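Inspection log for the structure reproduced underneath, given as structure tokens.
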Amino acid sequence: MILKQFYLGCLAHASYLIGDEESGEAAVVDPQRDVDQYVAFAAEHNLQIKHVFLTHLHADFIAGHLELRDRVGAKIYLGAAAKAKYAFTPLRDGEGIEFGKVRLRALETPGHTPESISILVYDLAVSDTQPNAVLTGDTLFIGDVGRPDLRAALGWSATQLGGMLYDSLHNKLLPLPDASLVYPAHGAGSLCGKAISKETVSTIGKQRRVNYALQPMSKDAFIQVVTADQPEAPDYFTYDAVLNSEERPTLEQALEQGLNPLPLDAVLGLQSGAQILDTRDPAEFAAAHLKGSINIGLGGQYATWAGTVLNREDPIVIIAAPSREKESAIRLGRIGFDHIFGYLKDGLRSLDSRPDLVTTTESFSPQYALEALAHPNPPIVIDVRNPGERSRKYIDGTESIPLNHLVEKSATLAHDRDVLVYCAGGYRSSIAASLLQRAGFYRVAEIAGGLAAWETAHLPIRTT
């Protein structure tokens, strides 16, 4: 048996291929939308992907089940409680498939979502009674459990799903043998949980001992614990959960439609009604960028922040570093943002003859920022980190406006004041500065290196 984990760091997403060398058959679980890596791995190991499972209708990314169906003819499997507009095989407790020395069996484990399943993996060459592993989707993470509050917009309360999650964990997963390997669908950094470990595999026995949510407690206490202090989920989560249940264009079809090179004049003609997305490194963006463009660099949590600050109505035009236009579009496609109109042909070089269209973002050193704060007419200094980060430490005299609320709250800020923004290390502050410039704030700067650089410079920090 082959069990291969694929990990996508920018979305903290884990997917799996389970193959049987004897029969040459394979299944993929929770694939990302760009499926080339699964097809290539299968070819390298003389496998045919005949099955694709979704443990649930994911909210933070668009799964590649339709891509694998159309590319290699894979059959789609979902939990029996799922509702979808494409053909799929529903799975109830104990149902599944067997090929060669591999057996895959479903456990219905609702809680994170009502249709969630976990998948027991048996290596029949070792045992036909003891599972080798369980693919837990977003029901059980390493160090955490799935949050039960992401289906409110679809009619499910956190209390309802929290109770279901408690039952799934205690009646379905915790009775499994201690040695059973636990392979979840997400790792640290995912917004599908609040305390997920950086580890990407564990065992049932270890999680029983160390996972805070699996310690002895009543169902009411469990619901209170797992619903408290969850990070705010972006609006696109509900959109993606619904889209994962629908028939839609494949990523390949979306790229064929959206990856069009656009001359500068065409981009300028669209600019008032389009979202100009510059995916270059924040330092490059700060040095020179098209006025009105939004910087979300490929080097960070690009797709998550794109889904947070961009809308799904206005077309997206990409400005990218040379040869990175397709990557920029693929990573938007992973969250279902297919409304790409094209990309600026020749990138920023196309602006060489139009310096009037170019602007910069100033960066203040921490020491200079401290001096600016002490000035009789200081800038408005905005901390764009999330509330949990700020609760631990922050720069005194600064205002907290988390990045995901900056656009809506910027209307309350005085446009005649200088604005200085900071985050933890500089990635989010570049996004923030570009949003403020786009909103008409002309004197916008960043604290270079964010709070990390401020602390390195041994400047005063306020702690709570």
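The values are calculated or read from the model by the stated rules, or taken from the named source; none is laboratory data. Not measured: the values here are computed from a predicted model. No Cβ is skipped: glycine too gets one built from the backbone with ideal geometry, and neighbour counts run over all protein chains shown. Each accessible area value is taken on the protein alone, full model and side chains, heavy atoms only, with ligands, DNA and RNA left out. Shrake-Rupley method; radii C 1.70, N 1.55, O 1.52, S 1.80 Å.
Express the accessible area of the chain per residue in Å², computed with a 1.4 Å probe while the remaining protein chains stay in the model.
Working: 18950 Å² over 464 residues.
Result: 41 Å² of accessible area for each residue.
Got a sec? What order do His65, His458, His339 fall in by accessible area at 1.4 Å, biggest, i.e. largest, first? Don't skip to the end; give the middle numbers.
Numbers: His65 0, His458 165, His339 40 Å².
Output order, biggest surface exposure first: His458, His339, His65.
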Report the percentage of all Cα-Cα pairs in segment 1-50 whose separation exceeds 16 Å, rounded to a whole percent.
32 percent
Out of these labelled values of Rg and Dmax of the Cα atoms in Å, (i) 22.1, 73; (ii) 23.9, 76; (iii) 23.3, 81, which was calculated from the coordinates shown here?
(ii)
Distance between Cα centroids, segment 256-328 to segment 59-95: provide it in whole Å.
32 Å
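Starting from 0.36 nm per residue, how many nanometres of slack lie between Ala80 and Leu298 once their C-alpha separation is accounted for?
Values: separation 218, 0.36 × 218 = 78.48 nm, distance 3.75 nm.
Taking Ala80 through Leu298 to full extension adds about 74.7 nm, to one decimal.
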Carbon and sulfur atoms: what percent of the 1.4 Å accessible area of segment 185-262 do they account for?
51 percent
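Report, to the nearest whole %, how much of the accessible area of segment 78-172 belongs to carbon and sulfur atoms, 1.4 Å probe, protein only.
49 percent
Between Thr159 and Lys4, 0.36 nm times their residue separation minus their Cα-Cα distance comes to what? Let's see the in-between values first.
On the way: separation 155, 0.36 × 155 = 55.80 nm, distance 3.51 nm.
My answer for the length gained is 52.3 nm.
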Over the chain, the sum of -39500 (n - 2.57) across DSSP H runs of at least four, divided by residue number and rounded to 500 deg cm²/dmol, gives at 222 nm -7500 deg cm²/dmol
Measure nothing but the geometry: give the 0 to 90° angle between the long axis through the Cα atoms of 427-438 and the longest principal axis through the Cα atoms of the chain, rounded to 10°.
50 degrees
Amide N of segment 24-38 lying under 12 Å from the label point, which is placed 7 angstrom from the Cα of Asn46 along Cα→Cβ:
24-25
Taking every C-alpha to C-alpha distance in segment 353-434 and binning by 5 Å from 0, the per-bin percentages run 3, 13, 24, 24, 20, 9, 4, 2, 1, 0
Could you order peptides 32-43, 427-438, 265-276 by the average number of other Cβ atoms within 10 Å of their residues, highest first?
427-438, 32-43, 265-276
Roughly how many whole Å is it from the C-alpha centroid of segment 432-464 to that of segment 103-150?
43 Å
Roughly how many whole Å is it from the C-alpha centroid of segment 388-429 to that of segment 1-42?
40 Å
Report the full-extension gain for the segment Ser391 to Asp352: residue separation times 0.36 nm, less the Cα-Cα distance, to one decimal in nm.
9.6 nm
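Rounded to the nearest 5, what % of DSSP beta bridges with both residues in the chain are antiparallel? Don't skip to the end; give the middle numbers.
Values: 35 of 73 bridges.
The answer is about 50 percent antiparallel.
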Looking at His51, Thr203, Met1, which one has the Cα that reaches farthest to the positive end of the dipole of the chain (charges on Cβ: Lys, Arg +1; Asp, Glu -1)?
Thr203
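Which entries in the list Lys198/Lys326; Lys172/Lys194; Lys4/Lys101 go over 20 Å, if you measure between the two C-alpha atoms of each?
On the way: Lys198/Lys326 29 Å; Lys172/Lys194 22 Å; Lys4/Lys101 16 Å.
Correct reply: Lys198/Lys326; Lys172/Lys194.
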